[in-house]
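The block underneath contains the structure these notes are about, expressed in C-alpha cells.
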Amino acid sequence: MLGFLITVAVSVALSGLGIALLMRFAPERDVCFRLGAGGLIGLGALGLASLLVLSLPGGAKWGLGLPIVLVFVGLALGWKELGAMLREARKPVGAEWAFVGAFLLTGLFALVGVLAPSTMMDWDSLAYHFAVPKLWIQAGQAYSVSFIHHSNFPFVVDNLYVWGLQWGGEAGAKGFSWMFALFGGLAVYGFTRERWGGFAGWWSALAFVGMPVVTWEAGTGYVDVAHGLFAGLGLLQCARLIETWKREDAILAAVFLGFAAGSKYTGLQTIAVCALVLGVAAVVLRTGWKQAALAIGLAAAIASPWYIRNAVQVGNPVFPFFYEQLGGKHWDQFSADIYRDEQQSFGVGRKEGGGRDWSQFPHAVFGMAYQPGRYTNPAPTQGMGHPVQALGVAVFAAAVCWLASGRLRRLESAALGGLLASFVLWFALSQQSRYAANFGVPLAVLLGGAVVWPRSGAVLAVVAALQSVYTLGLVKTTVTDGQLPVVLGRVEPDAYRAGTFFSRAQTINREALGGKVALYDEVFGYWLDVPYFWANPGHSTEIPYATLDSGSALADHLKGMGFTHVYLNLAFQDPAFRDRWLEAMRPGGSGFSPEEATGLDADLRTKWKRLLAEAVASGRLVPVAQEGRSLLFTLP
C-alpha cells in the first residue's frame, strides 16, 4: 500500500506541470478538464524526461532524483492553481451521488488489482511492461533487450514503472495506471461538461469507466488506457481546433498526440488521422493551415526522441514493424512473418493468402460489442478471448446515435470522421480490442453529448448504466474476487502465485545462481533474479535455428552464449505430442523417426523441439528439476 500511496502523491504533484501549461494555454477551460489533463500531461512529462536519464550509465539508480526534482517543480508551478481549482469544484448533489458511487466502486476494484501480486492474467505486465524496467534497473540503464522486442517500443508510460518498481514494487508501478484512469475520468468529464453541461459530463465519465478495458487495466501494468487517453484526447482537441483555430488548442492537441506516439506505435496512426482530418477541414474551410501544421509538427517533435533512439540502436525507427522496408537488429523475415501472423489473428475478415475482406468491416467494428472474445487473447480465432479487455456496448451505441441524429457540428463531425479513419487502419492492421481503447475516449465524450437529447438520450443513458453494472460484475467475478484474499492478507503472496511459473522461478533462482538460463515456451522472466533469455525462434536471431542440425550443435551454441541452464515449459503442448516428445528425450528411448524429424524441421517453430530432444537424449542437457509440466536442465 505504501508504494501505491507514494505513486499517488508523486502523480498529484506532477500534475502541477500540466496545470501550469494549461493555465498558459487553456485558462478558460473547464476546471475538471484542467485537473485531469494536467495530471496526464504531468505523468507524460516525467515519462519523456526519463528517456534521457535512463539512457545514461547508472541512470536507473541515480535517476530516482528526476521524479523528486519534477515533483518539487510541479508543486512550485501548480500548487496554488491546483488548490484554487479544487476549491472551485462543487460537491455532487442528488442523483449525482449515484455516479460517484459507481466511480468509487470502479476505483476500489482497480485498487485491489493494484495491490494484488500480478499473475498470468496480467500477462503483458509481467512479460515486458515490468520485466524490461526490471532488467534496466539491474543493468543500471535502459538498453535494447535483444530477445524482448518490446523494449524498443515508445515507453512514455513504461518508463514510469522504472521508478514505481523501485519505491513500491508492483503496487508502485501499477499505481500509475490507477492514476491515469483517475485523471482520464476527470478530463473526459470536464471536456464533456464544458460543451454539453454537467449532466452530460457525468454520463461521459460513467461511459469511460464503464468500458471493461478501463476498469481492468487500471489495476494492471498495461498501458492501453494511458495511451488511449493521450490519443483520444488528442483527436478531440484536433476536432475542437477545427472550431476555434486557436494556436492554444493546436499546442494542447500536439502535447496529447506527442505523448500518444510516445507511448505506443499506434499513436503514429492517430497523428496521421488527425493530420488527415485537419487537412480536409483546412481545405474545406479555407483556413487553419498554420494551426494544423503547428499541431502535427509539434506532436511529431515531442514523439521523435523514441524513434530516433530506435533508428540508432536497432536500425529501424518502428522496430520490429515494417522489417521488409526498414530492417532491424536481431530480427529476420521469419520473425517478421510469424509476428505479423500473430497480430492479424484477431478479429474478422482476414483472407487466405493475405489482405482483408472489406465487406466484413462493419462486423469487425461492432463485433467488439457483441463478440468481444474474437478481439483479444487467449485463443481469439476461437472467440475465447477474455471480455475484460473489451470496450463494451455503450460507446458503440453512442456512435450510432450521433450518425443517425442529424445534429452533427464541426467537433462531432471531425471526431467521428477521425474515428472512422482510425477504425479503417485498425481493421487493416491488427484488430485487437485493446488497440481500440483510444477510440473509446472520444466515443465516451460523444455519449454524454447524446444523453441530453429528448427520448433517445434516455435510452442511451439506460444502455450506459447497464454497461457499467455489467462491467463491475464482470471484473468482480473474474478478477477481483480472486485477488481479494491475498490483498486482505488471508492468503500469502507466494501461496497466491503457487502453481504458476513463480514457484518454478524460485527453483531456477537457486539452481542457476551465478549462471544464465534459456527459457523455452516461457516469457515470465520478470520473476527471475538470474539472467535469462527467451530462447524460442522468433524472439531473436542470436540462436541460428535455421542452420543448427543436431542437438549437440544446439547445446554447443547455447553454451557458447553463456547459458548454464535450460528451462522447458510443457504446459502449452498437445498432450499426445508432449508424451512423444518426452519419450524422444529419454536416453535410450525411441527418438524421433526420420519422418517425424522431417515434419518438425519444416518449421522453425517446431524444429527446436527436435533439437532439444536430441540434446537431452545424448546427455548434453541433464535434467536437474521437474515441477508439474516443466523441466530444468543443466549444460555440463
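The values are calculated or read from the model by the stated rules, or taken from the named source; none is laboratory data. If you're wondering where the values come from, they're calculated on a predicted model, not measured in any experiment. Here Cβ is always computed from backbone atoms with ideal geometry, including for glycine, and neighbour counts include all displayed protein chains.
Points to keep in mind about this one:
For every residue, the table says whether it meets (1) surrounded by fewer than 19 Cβ atoms within 10 Å (Cβ to Cβ); (2) in contact (Cβ under 8 Å) with a residue 40 or more places away in the chain; (3) out of contact with any Leu (no Cβ under 8 Å at 6 or more places or on another chain).
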position	(1), (2), (3)
276	yes, yes, yes
282	yes, no, yes
293	yes, no, yes
301	yes, yes, yes
304	yes, no, yes
313	yes, yes, yes
320	no, yes, yes
329	yes, yes, yes
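- Output for segment 1-33, where each listed residue is more than 21 Å from residue 175 (Cβ to Cβ) and of a type in the set (Gly, Ala, Ser): 20, 26
- Verdict on residue 411 being closer than 19 Å to residue 375 by Cα, part of a helix (DSSP H, G or I), among the hydrophobic types (A, V, I, L, M, F, W, C) and in the same structural domain as residue 203 (by TED's automatic domain parsing): no
For (1) assigned to a helix (DSSP H, G or I); (2) under 21 Å from residue 386 (Cβ atoms), each residue gets a yes or a no:
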| site | (1), (2) |
| --- | --- |
| 424 | yes, no |
| 436 | yes, yes |
| 441 | yes, no |
| 448 | yes, no |
| 453 | no, no |
| 458 | yes, no |
| 466 | yes, yes |
| 471 | yes, yes |
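- Enumerated helices (runs of 4 or more DSSP H) restricted to segment 484-567, each holding at least 2 residues that are aliphatic (A, V, I, L, M) and more than 21 Å from residue 629 (Cα to Cα): 551-560
- Selection within segment 374-403 - assigned to a helix (DSSP H, G or I) and surrounded by fewer than 19 Cβ atoms within 10 Å (Cβ to Cβ): 381, 382, 400, 403
- Applying the criterion of at least 1 residues that are in contact with a strand residue (DSSP E or B) (Cβ under 8 Å, 6 or more places away or on another chain), surrounded by 16 or more Cβ atoms within 10 Å (Cβ to Cβ) and touching a residue at least 12 places away in the same chain (Cβ under 8 Å) to the helices (runs of 4 or more DSSP H) found wholly in segment 1-88 leaves an empty list.
- Within the option set 134, 174, being surrounded by fewer than 24 Cβ atoms within 10 Å (Cβ to Cβ), assigned to a helix (DSSP H, G or I) and not assigned by TED's automatic domain parsing to the domain that holds residue 542 holds for one residue only, 134.
- Among the candidates 621, 631, 554, residue that is in contact (Cβ under 8 Å) with a residue 12 or more places away in the chain, touching a strand residue (DSSP E or B) at 6+ places or on another chain (Cβ under 7 Å), buried (at least 20 other Cβ atoms within 10 Å of the Cβ) and farther than 25 Å from residue 120 by Cα: 621
- Residues (closer than 30 Å to residue 634 by Cα, touching a residue at least 24 places away in the same chain (Cβ under 8 Å) and either surrounded by fewer than 17 Cβ atoms within 10 Å (Cβ to Cβ) or in the same structural domain as residue 447 (by TED's automatic domain parsing) (or both)) located in segment 466-496: 493
- So residue 189, is it on the phi < 0 side of the Ramachandran plot and part of a loop (DSSP other than H, G, I, E, B): no
- Residues considered: 428, 436. Of these, the only one that is of a type in the set (A, V, I, L, M) and in contact with a Lys or Arg (Cβ under 9 Å, 6 or more places away or on another chain) is 428.
- Test: residue in segment 278-287 that is among the basic types (Lys, Arg) and part of a helix (DSSP H, G or I): no
- Here residue 463 passes the criteria (1) over 25 Å from residue 264 (Cα atoms); (2) within 26 Å of the chain's Cα centre (by Cα); (3) of a type in the set (A, V, I, L, M, F, W, C); (4) assigned by TED's automatic domain parsing to the domain that holds residue 202 except the one numbered (2).
- For segment 507-540, filtering for residues that are out of contact with any Leu (no Cβ under 8 Å at 6 or more places or on another chain) and surrounded by fewer than 18 Cβ atoms within 10 Å (Cβ to Cβ) leaves 7.
- Residues of segment 340-369 satisfying the condition of being in contact with a Leu (Cβ under 9 Å, 6 or more places away or on another chain) and either of a type in the set (Lys, Arg) or within 26 Å of residue 319 (Cα to Cα) (or both): 343, 344
- Selection of segment 587-618 for residues being part of a loop (DSSP other than H, G, I, E, B) and surrounded by 20 or more Cβ atoms within 10 Å (Cβ to Cβ) yields only 592.
- Residue pairs meeting the criteria (Cβ under 9 Å; at least 6 apart or on separate chains; first farther than 18 Å from residue 257 by Cα, in segment 151-168; second charged (D, E, K, R) and surrounded by fewer than 24 Cβ atoms within 10 Å (Cβ to Cβ)): 152/309; 161/134; 162/134; 165/134; 166/61
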